[in-house]
Amino acid sequence: MADPKRHHYIPRFMLKSFTFESNSTWQYDKNKKANKEPISRKNIENSALERHLYHIELEKLLSKLETKIAPILLKIQNKSRLTKEEKVVFCFFISILITRTLSSQNQVNKKFNNFTKPLIKKYLESNSTYSEEKLDKIINVLNIELTQSGQLQIMIEGAQHYAERFLLMDWIILTAPKGSSFIIGDNPFIIYPHPTNIFHSGIMQKGSYKFIPLHSEFSLIIADEIDYGNELKYLNISKKEIRSINSDILSHSESYAYGKSKEQLEKLIKISNLEPFDYENYNKHYFIKVEDNEEDEKYLNYGQTDYSKYKLPESLLNRLSL
């Protein structure tokens with residue numbers, strides 16, 4: 001029986017497609033010391049997890065949701081049409097996948113700190129005799145985190161909002177070429193900004209492409225400027241294109257990336273920008289007023305990140321724009 005205290009932020013059934021033998025995958029550790037081997041063989045039972053990460057109610061929800069997703073992924077793989085109900089469920093799953101990662105939760109806690117610390121300082125200024133220097137020292141060492149129930153509420157509310165929007169957008173399935181495969185990272189969701197507007201890259205920003213690897217053989221792009229109706233559009237991509245996308249997945253990972261081939265990961269390491277994960281700029285806020293609706297603006301500003309360094313291959317962009 002699975003340990004309920006061990007919570008996978010990337011579902012095991014998804015990691016399964018990135019295995020090369022039984023339940024083994026190749027894990028790249030981005031933060032490995034220079035004298036250590038960065039790629040190692042890992043069992044997916046011990047990959048992409050954290051102890052006591054989620055509220056128990058969220059774990060129950062995820063468990064129920066994931067049992068419905070595996071057959072939907074199989075339908076996508078077989079190029080079968082999804083029902084409206086299946087697409088609704090899948091939209092919510094994709095949205096939860098975005099908000100459940102460690103980086104997303106760290107981001108929420110950081111924003112919560114940035115919001116509450118000035119309030120605490122203001123209170124102490126009015127109700128204590130501490131000097132300004134002493135107050136700054138106190139505030140700087142504070143690390144205020146949301147309770148699990150608080151994180152649960154934010155995670156579910158954010159996922160519901162994203163799911164409603166994603167349902168109205170167009171979906172394109174990118175199919176890996178023969179002899180190649182996608183990898184997946186612990187921070188798998190990437191926004192490719194509009195080519196002419198790279199510094200405005202929010203999830204709901206018009207012209208952006210939302211990307212997430214679903215399987216070693218196919219990935220999903222959610223677009224808002226192409227009209228394919230309710231059907232899924234399938235695009236076969238080249239080895240050069242998948243290499244470029246995999247490089248972005250590796251660069252965008254916080255600590256770990258997983259793949260079927262050790263040789264593939266080694267090659268990607270050589271061509272990718274693998275600077276230490278930039279926590280400071282990852283949480284950078286871009287206030288872009290897209291709509292006048294106050295609620296929409298709140299969500300558009302929530303969790304936006306600097307994705308300006310990511311760019312889809314020109315050859316793929318041309319086909320997506322047709």
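Quick look at the numbers
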item: Full-stretch length increase - residue 236, residue 125 - with 0.36 nm per residue and alpha-carbon distance subtracted; result: 33.8 nm
item: Violating pairs (Cα-Cα greater than 23 angstrom) within the set 30/206; 178/267; 42/87; 16/206; 84/239; result: 30/206; 42/87; 16/206; 84/239
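Where a number appears in this text, it was derived from the coordinates with a stated rule and is not lab data. Source: prediction; values computed, not measured.
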